[in-house]
1. Looking only at segment 50-66, count every residue that is of a type outside the set (S, T, N, Q) and either open to solvent by 50 Å² or more (accessible area, probe 1.4 Å) or without any contact (Cβ under 8 Å) to a residue 12 or more places away in the chain (or both) and tell me the total.
2. Find the residue count for segment 236-273, including only residues that are polar (S, T, N, Q) and in contact with a Gly (Cβ under 8 Å, 6 or more places away or on another chain).
3. Quick check: is even one residue across segment 191-198 in contact with a Phe, Trp or Tyr (Cβ under 9 Å, 6 or more places away or on another chain) and either closer than 30 Å to LYS297 by Cβ or assigned by TED's automatic domain parsing to the domain that holds GLY142 (or both)?
4. Out of (1) surrounded by fewer than 17 Cβ atoms within 10 Å (Cβ to Cβ); (2) more than 13 Å from the chain's Cα centre (by Cα); (3) hydrophobic (A, V, I, L, M, F, W, C), the odd one out for MET100 is which?
5. Can you tell me which residue among GLU176, GLU187, GLU170 is over 22 Å from the mean Cα position of the chain (by Cα), at pLDDT 95 or above and at negative phi?
6. Quick one: would you say ASP226 is touching a residue at least 24 places away in the same chain (Cβ under 8 Å) and touching a Leu at 6+ places or on another chain (Cβ under 6 Å)?
7. Test each condition in (1) buried (at least 20 other Cβ atoms within 10 Å of the Cβ); (2) of a type in the set (A, V, I, L, M, F, W, C); (3) closer than 30 Å to SER154 by Cα for ILE93 and report the one that comes out false.
8. Just checking, how many residues over segment 245-271 are outside any helix (DSSP H, G or I) and either crowded, with 21+ Cβ neighbours inside 10 Å or at pLDDT 95 or above (or both)?
Amino acid sequence: MASLIAPSKHNPIEDAEALQRAVKGWGADENAIIAILGHRNGTQRTQIRQAYYDLYQEDLIKRLESELSGDFERAMYRWILEPAEREALLANIALKNANMNYHVIVEISCVSSPDELFIVRRAYHNRYKRCLEEDVATNTTGHLRQLLLGLVSSFKYGGSEVNARLAQHEADILHEAIKNKNHNHEEVIRILTTRSKTQLVATFNRYRDDHGIAITKKLLDEGSDDFHKAVRIAISCINDHSKYYEKVLRNAMESDGTDEDALTRVIVTRAEKDLEDIKKVYYKRNSVHLEHAVAKKTSADYKKFLLTLMGKEE
């Protein structure tokens, strides 16, 4: 369930004109920018971008980049992009990071539907003139490379059919792969990168029922290298991505500082999808409303914008 509150009717030309007034002259009117763009859905934002260009022969995104700054600018930049463009940007940033944020690649691959992932790959190709698989392969090695390449390049079955016997068989394979200290990584990779989400959930449930422990917890006991971490993230995203995102948000705000990149990524990417569900999971886990936690850890226009996307006005 989405948290974004967008009007059913809007005039993109009027919005474009209002945005132009907000960025005209010395300093931007951040409140006006948030009031408009923070209450427009993806289709409406695209229409506003086009109307702005038609009226002023200027790219609205570039104008906002020049007028805004800091975490607020980065959040607004990600928000105004079309979803596939945004995911392509996030993937590229993750791959260029000195420590390679492979968890973002896993998120995009495992949370997106097969059709959505295909569109993200096309958007990446159009934006960077390279394929996503090429950049993943360039920035990774070994089993981690095999896993990530398999995840980003697959076009899985997206239906609800489940083969119970196969779930049992592959739960056994995963158990043996984890139990053996030399781990049969190839089989783990094969299962995670080729089976549908519904089939994998059935397999993970079978594993838990047979062995009395969630497979992610068992993996936590067995290894902490990048490959094992990526496998755990993939399973978490496939099993219940709302719980996964709750943990990302909790970790982003638990330390003395705040991981603004993670905070922005989750709120911006899920605001039009299932942020309400994530908020419920967050409250159940922490006994604190997500809006209150975000308000304590952020400030100024960045805080106001994130709260707006969460459906909570200051």
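The values are calculated or read from the model by the stated rules, or taken from the named source; none is laboratory data. What you are looking at is a predicted structure, and each value in this text was computed from that prediction instead of being measured. Virtual Cβ from ideal backbone geometry, glycine too; neighbours counted across all protein chains shown. With ligands, DNA and RNA removed, areas are computed over all heavy atoms of the protein, side chains included. Shrake-Rupley method; radii C 1.70, N 1.55, O 1.52, S 1.80 Å.
1. Qualifying residue count, segment 50-66: 8.
2. Qualifying residue count for the region: 0.
3. no
4. Checking MET100 against (1) surrounded by fewer than 17 Cβ atoms within 10 Å (Cβ to Cβ); (2) more than 13 Å from the chain's Cα centre (by Cα); (3) hydrophobic (A, V, I, L, M, F, W, C), the one that fails is (1).
5. GLU170
6. yes
7. Among (1) buried (at least 20 other Cβ atoms within 10 Å of the Cβ); (2) of a type in the set (A, V, I, L, M, F, W, C); (3) closer than 30 Å to SER154 by Cα, the lone unmet condition for ILE93 is (1).
8. 1
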